[in-house]
Each structure stands twice: as structure tokens, then as C-alpha cells.
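The values are calculated or read from the model by the stated rules, or taken from the named source; none is laboratory data. Worth saying up front: this structure is predicted, and the values here are computed from it rather than measured. Please note: Cβ atoms are built from the backbone with ideal geometry, for glycine as well, and neighbour counts cover all protein chains shown. Surface accessibility is based on the protein's heavy atoms, side chains included, excluding ligands, DNA and RNA. Shrake-Rupley method; radii C 1.70, N 1.55, O 1.52, S 1.80 Å.
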Amino acid sequence: MEKLSNGINLDLIHTDQFESVKIVVDFCQSFEKQSAASRAMLARLLENSSQVFSNRQLIAKQLNELYGTHFSVSSVRFGQISRIRFSLKMPNPTIFANYPLVEKGLAFLFEQIYRPLIVDGLFPEKFFQTEKKNFLSEYLAGFDDKSYRLHHQALIKYFSDPNMQISPDGDADSIKKLTNSLLVKSFQQMLLTNHVMVSVSGSIKKNHVKKIIEQWPRVSTNSAALKDLNYRQATRALSKISLDEKGDQSLIENVYSLIDYNYSSEQRFLAILFSRLLGGSSQSLLFSDIREKRHLVYYANSSVIGQDSLMIIQAGLDKKNIPEVEKEIKAQIINIKQGNFSDQLFASIKKELTTGIVSSSDYQGNTIENHLNGFLSGYSTEPEDVIRIINSVTKDQVSEFSQHSIEQTEALLINEN
């Protein structure tokens with residue numbers, strides 16, 4: 001990342017590997033409970049309107065004129081950082097020798113970011129109310145999925161920080177309380193206080209793109225300091241949740257805290273290997289034992305959310321198997337802690353992981369995400385470095401790391417059929 005004179009952090013990645021140019025603009029601030037819903041709603045408004053392109057039809061027409069360019073805006077939480085992301089993906093500009101596709105794409109992005117459809121100090125009220133209604137409907141619809149409901153409750157129970165307990169979209173009450181004037185204020189706050197990162201990947205003229213971005217508005221000197229990306233919390237007594245539902249499948253979701261864990265270090269890869277060995281692979285201990293061998297579950301997996309310093313174990317099963325499956329999950333974790341897994345399995349897990357890393361380089365967004373992750377976390381690694389680190393990890397290192405996993409939340413959804 002290069003910091004430009006206007007305060008924007010710019011990452012230019014010239015590559016002829018892809019038949020497209022991808023531009024990502026991130027507005028970052030510390031994630032706070034009280035601003036989650038307004039930032040998520042703001043993303044919707046900025047995706048669907050601007051002064052020049054005042055509705056979805058005009059935006060779609062402009063994107064068609066940019067030869068089928070794709071545009072989206074989203075709001076996400078990454079660790080303790082909130083990002084409003086503007087993303088533009090367009091065809092390879094070298095195909096259109098006499099058409100300034102990248103320049104026109106950047107001009108479109110500028111309109112969507114810096115010139116929102118604010119008239120007389122407000123978004124058009126009908127437009128605002130429609131988007132708010134759609135936002136609330138989509139948020140509530142997520143809870144129709146019982147696995148999402150259980151996951152939501154498990155994380156609320158797990159996190160001790162109220163800011164981390166809330167969805168990146170906020171909650172139903174905060175969405176209902178959103179007002180037009182609050183959204184205008186949120187936009188102004190985004191420009192006044194957020195850090196700005198622009199990433200451009202593809203067959204580009206670096207100096208030309210840099211000159212265009214240098215003309216964008218200056219990032220405010222009032223930009224608030226970002227929280228540490230990494231979230232950590234002290235351990236506490238195990239908490240339990242049980243939900244009763246009608247249905248054919250019961251669910252388990254257990255949340256483990258990773259103690260003394262530093263995402264911004266090589267520990268990141270110890271955590272990934274631990275999780276993949278346990279349940280994050282088709283070769284994993286949970287998959288091969290309780291699913292393939294003993295047929296106790298429909299599925300079982302584990303995944304690490306490194307920036308949140310936690311690991312989640314999930315399973316779908318018949319309720320009669322819950323006690324045995326819970327017991328077996330704990331037994332397999334103990335096996336890892338004691339090093340009771342074969343050298344062959346460990347080598348296969350590492351091979352599968354490194355193969356996936358090589359394959360991921362075929363996806364344009366991964367390089368952008370990797371660079372941004374390195375910038376925000378202060379720990380930057382290229383794929384070849386990651387592969388070298390993973391190949392150097394020993395069984396003893398993974399076993400020692402697993403000692404720092406402590407179960408904090410046990411959530412059950414029990415079907416009543």
C-alpha cells in the first residue's frame with residue numbers, strides 16, 4: 001500500500017493473469033454496535049443511487065455501457081474493523097483499444113461514493129423508506145434458517161464485548177429506528193472519520209490510475225484511530241444454550257476460544273491446521289470418525305475465525321445422538337492435544353491446504369484481500385511464504401497450539417419431531 005498525498009492508501013497490482021480489472025474501495029472505521037445498522041443501510045443506498053445515476057435502472061444502463069461491468073456495495077465486520085466496500089469488476093481494458101474503460105469505471109465509482117442522491121439535506125424519502133423496508137425484511141428472513149438462528153445465539157452468548165455480539169447489519173430494533181437524517185449523518189461521518197484503501201488489480205497503467213485516485217477528495221485529518229483488528233477476551237465458565245424447534249434435524253454449535261492467540265503472526269497457520277485436522281477437511285478426524293465410520297451425524301465441521309480468536313464446531317444430527325457426538329468431539333480434541341494422529345494424516349491435511357492456496361491464486365479477489373488483510377493486521381504474507389510456513393509446521397507445534405483451545409459456549413438446537 002502506498003499512502004497518497006490526499007491520504008488514500010493505494011494498492012496497485014498489475015497482472016495479465018486475469019481477463020478483468022477489479023477495483024475495491026474500502027472505508028474503514030472501528031466496529032461499533034451503535035453504527036452497524038446505519039452503515040449497512042448506507043451501503044444499500046449508495047449501491048442503488050447517486051446524483052448522476054438516481055435509480056437502479058440508470059445504474060444498470062451505465063454498467064451495460066461499461067461492457068457488463070459488475071458493481072456492488074457491502075458493509076462487513078472484519079475483526080474489530082467495520083468496512084463499507086465499493087467493488088467494481090470490469091472486462092480486460094486491453095480488448096477495447098480506443099475506449100478508456102478503467103477511467104470510465106473509476107469515474108462511475110467516484111459518483112457512487114462521493115455524490116450520493118442527497119437533495120436538500122436528505123435522501124428522497126420514498127427511496128429511503130423502500131430501502132429500509134427491504135433491508136428489514138431481508139434481515140428478518142435470515143432467521144428463517146435455524147442454523148443461522150443457533151449461530152447468532154451462540155455468538156451473542158460467547159462474546160463479552162457488546163460490540164461483537166451484534167450482527168454487521170445491526171439488529172431489528174436499530175434498523176427500525178433508522179431515519180433519513182441519520183443516514184445522511186452516517187455518510188458525512190464516513191467521509192470525515194474513515195480510513196480509505198483503494199485496491200486495483202489487472203492489466204492497468206499504474207501511473208495513470210494513481211493520478212486519477214490522487215484527484216479524489218482528501219481523507220480527513222480527523223480520521224479516528226482504528227481498533228486493533230484482532231479481538232481477544234478473557235475466558236470464563238462454559239455457557240450453554242438450548243433451543244427447541246420443529247424439524248427433522250438437531251444442531252450442535254460449540255465455540256472455542258483460542259487463548260494467547262495472535263492472528264497477526266505465524267500462529268494464524270497453526271490455528272488453520274488445527275481446525276482442518278479436527279473437522280475442516282474431508283480427511284479430518286471428525287469427518288472420518290463420527291460421520292463416515294460411525295454414521296452419527298449428517299455433517300460435522302470446524303472452522304477458525306482467526307481475527308476473532310475463536311474456533312467453531314458445528315454438526316447436524318438426530319437428537320438421540322447428541323450425547324455421544326458431544327463426547328466424541330471432546331475426545332478428538334484431546335487426541336490432537338496428545339498428538340494421537342498419524343503422520344500420514346497430518347501430511348495429507350497440509351498437502352490439501354497448500355494445494356488450495358495455490359488454487360486460490362486463480363481468483364483475482366484473493367490477492368486484493370490478502371494485501372488488505374496484511375495492511376490492516378500488520379502481518380503480510382505472500383502465497384509462497386504461507387506454503388513455506390505450513391510445510392514447516394510440525395505435529396508437536398499443532399498439538400501444543402491446541403492446548404490453548406477452551407470451550408466457552410455449547411449451543412444446541414433440538415428438534416421435536
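Go through the residues of region 222-240 one by one and say whether even a single one is over 22 Å from the mean Cα position of the chain (by Cα), among the small types (Gly, Ala, Ser) and exposed (fewer than 13 other Cβ atoms within 10 Å of the Cβ).
Yes: region 222-240 contains one or more residues that are over 22 Å from the mean Cα position of the chain (by Cα), among the small types (Gly, Ala, Ser) and exposed (fewer than 13 other Cβ atoms within 10 Å of the Cβ).
If residue 184 satisfies every condition in (1) modelled with pLDDT under 95; (2) open to solvent by less than 70 Å² (accessible area, probe 1.4 Å) but one, which is the exception?
(1)
Whether any residue in region 346-355 is small (Gly, Ala, Ser), in a helix (DSSP H, G or I) and under 30 Å from residue 250 (Cβ atoms) is what I want to check. Steps first, please.
So in region 346-355, the residues small (Gly, Ala, Ser) come out as 347-348.
Next, from what is left, pick out any that are in a helix (DSSP H, G or I): 347-348.
Within this subset, residues satisfying the condition of being under 30 Å from residue 250 (Cβ atoms) are none.
No, that holds for no residue.
Results for (1) modelled with pLDDT under 90; (2) closer than 23 Å to residue 228 by Cα; (3) in contact with a Lys or Arg (Cβ under 8 Å, 6 or more places away or on another chain); (4) not in a helix (DSSP H, G or I), shown as yes or no for each residue.
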{"residue": "362", "(1), (2), (3), (4)": "yes, no, no, yes"}
{"residue": "374", "(1), (2), (3), (4)": "no, yes, no, no"}
{"residue": "386", "(1), (2), (3), (4)": "no, yes, no, no"}
{"residue": "397", "(1), (2), (3), (4)": "no, no, no, no"}
{"residue": "401", "(1), (2), (3), (4)": "no, yes, no, no"}
{"residue": "411", "(1), (2), (3), (4)": "no, no, yes, yes"}
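With the requirement that a residue be among the hydrophobic types (A, V, I, L, M, F, W, C) and open to solvent by 20 Å² or more (accessible area, probe 1.4 Å), what does region 297-335 give you?
If the condition is that a residue be among the hydrophobic types (A, V, I, L, M, F, W, C) and open to solvent by 20 Å² or more (accessible area, probe 1.4 Å), then 304, 305, 331, 334 are the ones that fit.
Is it the case, given these coordinates, that residue 20 is open to solvent by less than 20 Å² (accessible area, probe 1.4 Å) and more than 25 Å from residue 376 (Cβ to Cβ)? Outline the logic, then answer.
On the way: open to solvent by less than 20 Å² (accessible area, probe 1.4 Å): yes; more than 25 Å from residue 376 (Cβ to Cβ): no.
Judged against the criteria, residue 20 is not a match.
Suppose we filter 106, 117 for residues that are assigned to a loop (DSSP other than H, G, I, E, B) and either open to solvent by less than 70 Å² (accessible area, probe 1.4 Å) or within 21 Å of residue 87 (Cα to Cα) (or both); which single one remains?
Answer to the check: 117.
Go through region 1-35 and give me each residue that's assigned to a helix (DSSP H, G or I) and either more than 26 Å from residue 374 (Cβ to Cβ) or of a type in the set (Lys, Arg) (or both).
Initial filter on region 1-35 (assigned to a helix (DSSP H, G or I)): 33-35.
The answer is 33, 34.
Tell me which residues, restricted to region 36-62, are of a type in the set (A, V, I, L, M, F, W, C), assigned to a helix (DSSP H, G or I) and open to solvent by 20 Å² or more (accessible area, probe 1.4 Å).
Applying the first criterion (of a type in the set (A, V, I, L, M, F, W, C)) to region 36-62 yields 36-37, 40-43, 45-46, 52-53, 58-60.
Filter once more, keeping what is assigned to a helix (DSSP H, G or I): 36-37, 40-43, 45-46, 58-60.
Those that are of a type in the set (A, V, I, L, M, F, W, C), assigned to a helix (DSSP H, G or I) and open to solvent by 20 Å² or more (accessible area, probe 1.4 Å): 58, 60.
For residue 39, work out the one condition from (1) more than 18 Å from the chain's Cα centre (by Cα); (2) within 24 Å of residue 140 (Cα to Cα) it doesn't fulfil.
In the conditions (1) more than 18 Å from the chain's Cα centre (by Cα); (2) within 24 Å of residue 140 (Cα to Cα), residue 39 misses (1) alone.
Only residues that are polar (S, T, N, Q) and open to solvent by 50 Å² or more (accessible area, probe 1.4 Å): list them for region 365-394, please.
Residues of region 365-394 that are polar (S, T, N, Q), as a first pass: 366-367, 370, 373, 377, 380-381, 391-392, 394.
If the condition is that a residue be polar (S, T, N, Q) and open to solvent by 50 Å² or more (accessible area, probe 1.4 Å), then 366, 380, 391, 392, 394 are the ones that fit.
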